[in-house]
């Protein structure tokens, strides 16, 4: 059984693993500043590279989605203390990404290459904005709870953990998933889009749009007010919500 101090140290280590992985991902996707990027390293035959990359993406997708489901958490916490469940999820996610960074295969070929210096800078700015959006939105909904630090801290000081209520701070009033918008911007804002980058961007984008369906189903079950929020607020594009409110009201009247 973990002592409170050991559990806290474990949670901090898991968080540091996440933060280091996030920083490496910045360079990996942007093709700068890290030992191995998306397009660096020796090339293997195309089909071999495609199969390896698809397997790596699949491992991350399965881990990231399955471990987040409530049924898995109920089973998992029979073996892992509830205090450490989130930290362990964060650690496994980081390890899955590090495996992807380590074994990812470049695939050659360029889909597009922007030569205009101003446009290249603009795309890098969009890339940075996307990553900052990811980071900032986690703080809006409690960064430290999302990555397990709040849980181990409360355990350390002997206070019971209480789940956070449903809130819609800042940009969450206008779109339901700004964090995913940030990731999508970072995936696609590439001055040079290689075949490997395109495979990564298409696969991760598809994963987001599939995973969000399961996530919203869980949110509706966990928070009664989420169904109304989903009716009123668009998923990822801040289109006018007035029409959505009218449609939601008309739908409730008709039912």
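The values are calculated or read from the model by the stated rules, or taken from the named source; none is laboratory data. Computed from a prediction, not measured in an experiment: that's the story for all the values here. Cβ coordinates were reconstructed from backbone atoms using ideal geometry, including for glycine residues, and neighbour counts include every protein chain displayed.
Below is a table of values for the structure above.
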| read-out | value |
| --- | --- |
| Residue in segment 143-157 that is out of contact with any helix residue (DSSP H, G or I) (no Cβ under 9 Å at 6 or more places or on another chain) and free of Cβ contacts under 8 Å to residues at least 60 places away in the same chain present | no |
| Filtered residue count, segment 63-86, keeping only those that are surrounded by fewer than 12 Cβ atoms within 10 Å (Cβ to Cβ) and either in contact with a strand residue (DSSP E or B) (Cβ under 7 Å, 6 or more places away or on another chain) or farther than 20 Å from residue 221 by Cα (or both) | 2 |
| Within segment 111-131, tally of residues that are part of a helix (DSSP H, G or I) and either over 13 Å from the mean Cα position of the chain (by Cα) or under 29 Å from residue 161 (Cβ atoms) (or both) | 13 |
| Filter result for residue 36 (within 23 Å of the chain's Cα centre (by Cα), under 29 Å from residue 200 (Cα atoms) and part of a loop (DSSP other than H, G, I, E, B)) | yes |
| The listed residue being surrounded by fewer than 16 Cβ atoms within 10 Å (Cβ to Cβ), part of a helix (DSSP H, G or I), at pLDDT 90 or above and under 15 Å from the mean Cα position of the chain (by Cα), out of 200, 209 | 209 |
| Residue selected from segment 1-32 under the condition outside any helix (DSSP H, G or I) and more than 16 Å from residue 186 (Cα to Cα), by the criterion nearest to the chain's Cα centre (by Cα) | 2 |
